[in-house]
Amino acid sequence: MNLIGLIIVAMLAAMLSVMIKKYNPEYSILISIIAGVFILSSILSEVAPSIQKIKDLIATSGVSYEHAKILFKALGICFLAQFASDSCNDAGETALAAKIEMAGKILIIGLALPLFEQVIKIVSKLFGD
């Protein structure tokens, strides 16, 4: 689906959500989440060729595939945490949204620890320790 189509879906869902919110707020939130999942799945189906191109670039650059794998996982965590956080904010649960964002950040730090270890080893070799 193209960007115009996604914008139309988002605008229709937003208008429907606002209209229903007065009478049934729980359905309003459900409409927003369903529209968000639809838009996210549409976007993810378009991302596959880009991921393949990035993999090809990584293979030709000589960068370790393990490093690229960490990068892709971190990006996935970012996108999922942001989507869940935004959905919680839409539902009025700002405290829960903040907890999801914090969990995403902590998961990324844990995921990146092997890279930090390698950087520290390289720096210590440079200084002769």
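For the reader, a short list of remarks on this structure follows.
- Computed from Cα atoms, the angle from the helix 65-90 axis to the main principal axis of the chain rounds to 30 degrees.
- Cα long-axis angle, helix 25-61 against the chain (0 to 90 degrees, to the nearest 10): 30 degrees
- In nm, spacing of pseudo-spin labels at LYS55 and PHE116 (7 Å Cα→C-beta vector): 3.0 nm
- Remark: for residue pairs LYS22/LYS99; LYS73/LYS105; LYS99/LYS121, the C-alpha separation exceeds 21 Å in LYS22/LYS99; LYS99/LYS121.
- Pairwise FRET efficiency - VAL47 versus LYS22, Cβ, R0 = 41 Å, nearest 0.05: 0.65
- Translational D in µm²/s for segment 64-129 (Stokes-Einstein at 10 °C, 1.306 mPa s, Kirkwood Rh from C-alpha pairs): 118 µm²/s
- Rounded to 10°, Cα long-axis angle of helix 3-21 versus longest principal axis of the chain: 50 degrees
- Residue of LYS55, LYS22, LYS105 that the Gaussian network model of the chain assigns the largest fluctuation, springs spanning Cα pairs under 10 Å: LYS22
- Normalised by residue number, the volume inside the convex hull of the Cα atoms of the chain is 121 Å³ per residue.
- Net length available on complete extension from LEU3 to LEU107 is 34.4 nm, with 0.36 nm assigned per residue and the Cα-Cα distance removed.
- Modelled spin labels at LEU40 and LEU96, positioned 7 Å past Cα toward Cβ, are 1.4 nm from each other.
- The relative contact order of the chain, computed from alpha carbon pairs under 8 Å that lie at least 6 residues apart in sequence, is 17 percent.
Every read-out reported here was derived from the displayed coordinates using simple, explicitly stated rules and does not represent laboratory data. For clarity, every value in this text was computed on a predicted model and none was experimentally measured. So basically every Cβ, Gly included, is an ideal-geometry build from the backbone, and we count neighbours across all protein chains shown.
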